[in-house]
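One structure is given here, and the rest of the page talks about it.
The values are calculated or read from the model by the stated rules, or taken from the named source; none is laboratory data. Quick caveat: nothing in here was measured; it's all calculated off a predicted structure. Cβ coordinates were reconstructed from backbone atoms using ideal geometry, including for glycine residues, and neighbour counts include every protein chain displayed. All accessible areas refer to the heavy atoms of the entire protein, side chains included, with ligands and DNA or RNA removed. Shrake-Rupley method; radii C 1.70, N 1.55, O 1.52, S 1.80 Å.
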Amino acid sequence: MITLNGKSVYGGIAIGKILFYKKKGKSVKRRHIENAEAEKKRFQSARTDAKEELKQLYIRALEDMGEANAMIFETHEIMLDDMDYIESVENMIETQKINAEYAVASTSDNFAKMFEAMDDPYMQGRAADVRDISERVINHLCGAGEHRLKLSEPVIIAAEDLTPSETVQLDKDKVLGFITMLGSSTSHTAILARTMNIPAVIGVGEGLSEKYDGRYAVADGTAGVIYIDPDEKTMASMQKKRSEEIQERQLLEEFKGKENVTRTGKKINIFANIGNISDVGLAVKNDAGGIGLFRSEFLYLENDTYPTEEQQFRAYRQVAENMAGKKVIIRTLDIGADKKIGYFNLAKEENPALGYRAIRICLTRPEIFKTQLRALYRAALFGNISIMFPMITSVWEVRQIKKIIEEVKTDLKQQGIPFKEVVELGIMIETPAAAIISRELAKEVDFFSIGTNDLTQYTLAVDRQNTALDAFYDPHHPALLELIRMTAENAHAQGKWVGICGELGADMEMTETLLDMGIDELSVSPAMILPLRKKVRECE
């Protein structure tokens, strides 16, 4: 048995034969040409054909994977219009009197190496895009057109790497899993694998080679491990793991794609709470209607210093693209209290739960807040992003936030950086103060999301981190329920929607009560989405 390790892209167990996909490399030879203008026309004709092909791929991807993922092919089309790229090819043809195929191949290598040399993983991933579009143009110059991998039986696809166009054209019914030597978690192919719900392990390295073609293997997409010619013990363990996954999936599978609607016709949104980018796959897998709470502080908690605007932009954009047009509510930085970050140099507090935390840090350290807002407004161009602000207790805080947002927008405009002008804004209702003045707050924002964990803590004066007080922490307390009811009524009076993103949202004993209160959305952990949908459909 041979064991290879890589990076997990999408969980699940794939068991079957390996089909090693090797591109049919075209031998592009350098030829001297006499008529540079004619050769440039050949290049422009091939570029036009390649763009038309990308339009067709966009239509196919739109049907299979949604608009956000189909945009990959729009991006490739834009890259083919890039003047630096076009001028590089045409200048080589003109000055060196060489054939178009060789000029395209040389430009591809130069641009790809430039991207690969960058420190930014996202930009490194664009090297594969340049090679993809260049190969497409060369195909047309050679009269080869689009090459499509045909599968005769279900297999685990192995490759050095896979381009988005190769991935989207595969017969998904015959793809058990993906394993690649190269690739990054931010690559388009990784995004597509997650969207297609196919187990995938990438970045395996040179240990994965053509000699394994036709060999039996297990790809553990959850652990990021590949077993080639697995022994009996490993096979039994993997088959058991896969069987358990299948059984669990089948129990709730019947609820996928169904509406979150009660027997009497009341509809509700069921979204997912996620802690970082890797959780998006779970949200998609469990058929979440959107992301109701994306805890952006993971970017700060996992860093040794303040995350840059670009780092945040890439993370928010990736989540938005992965959710393929579904709503993604991103909560701004929420640290302090029980979440400490050394490089913030926060002073020790006697009562941190009532101290310097969340929006209070953002409003008093606007340089940190503005960096995050810039990244969010830029990323909003790539999906359905809403922004939510935590720990609000007054109207003046919301107005100060909106003032800072306008400053951010002005700066982005002056710098010529594209961003989405109008983004839905909401606030967390986590304190009795916010609940009591919720009618006034509703005039300032587009939605509320009730954080029932903190709202319970502050309403009952019970530290939710203190296990000695568990008996006094009552999330069903009449006072808490009255605050939730009041918040829902005040939101609706102003024409705004209201959701719950705390633990109470997944409390099946409270589902019908929350629906009676008029709650419009429940955001829960991905694993609770289908059980909650089942419960909602059983409610009167």
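Does LYS420 meet the test of being touching a residue at least 24 places away in the same chain (Cβ under 8 Å) and open to solvent by 20 Å² or more (accessible area, probe 1.4 Å)? Full working, then the answer.
Details: touching a residue at least 24 places away in the same chain (Cβ under 8 Å): yes; open to solvent by 20 Å² or more (accessible area, probe 1.4 Å): yes.
In short, yes.
Within the stretch 168-184, how many residues turn out to be open to solvent by 40 Å² or more (accessible area, probe 1.4 Å) and part of a helix (DSSP H, G or I)?
Total satisfying the criteria: 3.
What are the pairs with Cβ atoms under 6 angstrom where one residue, in the stretch 355-377, is open to solvent by 10 Å² or more (accessible area, probe 1.4 Å) and the other, located anywhere, is assigned to a helix (DSSP H, G or I) and not β-branched (Val, Ile, Thr)? Sequence gap at least six, or different chains.
That search, which allows pairs on different chains as well, returns LEU363/GLN400; THR371/GLU309; ARG374/GLU309.
Only one of (1) at pLDDT 95 or above; (2) of a type outside the set (Phe, Trp, Tyr); (3) more than 24 Å from GLY292 (Cβ to Cβ) fails for VAL398. Which number is that?
Of the numbered conditions (1) at pLDDT 95 or above; (2) of a type outside the set (Phe, Trp, Tyr); (3) more than 24 Å from GLY292 (Cβ to Cβ), the odd one out for VAL398 is (3).
Tell me the residue from ASN260, ASN269, ASN273 that is within 29 Å of PHE369 (Cα to Cα), surrounded by 15 or more Cβ atoms within 10 Å (Cβ to Cβ) and at pLDDT 90 or above, please.
Numbers: ASN260 fails: within 29 Å of PHE369 (Cα to Cα); ASN269 fails: within 29 Å of PHE369 (Cα to Cα).
Step by step, each of ASN260, ASN269, ASN273 is checked, and only ASN273 is within 29 Å of PHE369 (Cα to Cα), surrounded by 15 or more Cβ atoms within 10 Å (Cβ to Cβ) and at pLDDT 90 or above.
Restricting to the stretch 280-297, and then to whatever is open to solvent by 10 Å² or more (accessible area, probe 1.4 Å) and assigned to a loop (DSSP other than H, G, I, E, B), can you tell me which residue is farthest from LYS256 (Cα to Cα)?
Once the filter is applied, the top-ranked residue is GLY289.
Inside the stretch 22-36, can you point out the residues that are open to solvent by less than 20 Å² (accessible area, probe 1.4 Å) and modelled with pLDDT under 85? Full working, then the answer.
Keep residues of the stretch 22-36 that are open to solvent by less than 20 Å² (accessible area, probe 1.4 Å), which gives 33, 36.
Passing the criteria: none in range.
So GLU297 clears everything in (1) closer than 19 Å to GLY426 by Cα; (2) at pLDDT below 80 except one condition, right? Which one?
Failing condition for GLU297: (2).
Could you tell me which residue of the stretch 298-321 is surrounded by the most Cβ atoms within 10 Å (Cβ to Cβ), considering only residues that are over 20 Å from LEU412 (Cα atoms), within 12 Å of the chain's Cα centre (by Cα) and of a type outside the set (A, V, I, L, M)?
GLU321
Within the stretch 205-214, can one find any residue that is part of a loop (DSSP other than H, G, I, E, B), touching a helix residue (DSSP H, G or I) at 6+ places or on another chain (Cβ under 6 Å), surrounded by 14 or more Cβ atoms within 10 Å (Cβ to Cβ) and touching a residue at least 24 places away in the same chain (Cβ under 8 Å)? Let's see the steps before the verdict.
Step one: list which residues in the stretch 205-214 are part of a loop (DSSP other than H, G, I, E, B), which gives 205-209, 213-214.
If we keep only those that are touching a helix residue (DSSP H, G or I) at 6+ places or on another chain (Cβ under 6 Å) as well, we get none.
Within the stretch 205-214, not a single residue is part of a loop (DSSP other than H, G, I, E, B), touching a helix residue (DSSP H, G or I) at 6+ places or on another chain (Cβ under 6 Å), surrounded by 14 or more Cβ atoms within 10 Å (Cβ to Cβ) and touching a residue at least 24 places away in the same chain (Cβ under 8 Å).
Results for (1) modelled with pLDDT of 85 or more; (2) more than 29 Å from the chain's Cα centre (by Cα); (3) open to solvent by 10 Å² or more (accessible area, probe 1.4 Å), shown as yes or no for each residue.
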| residue | (1), (2), (3) |
| --- | --- |
| ARG126 | no, no, yes |
| SER134 | yes, no, no |
| HIS140 | yes, yes, yes |
| GLY143 | no, yes, yes |
| LEU149 | no, no, yes |
| ILE157 | yes, no, no |
| GLU166 | no, no, yes |
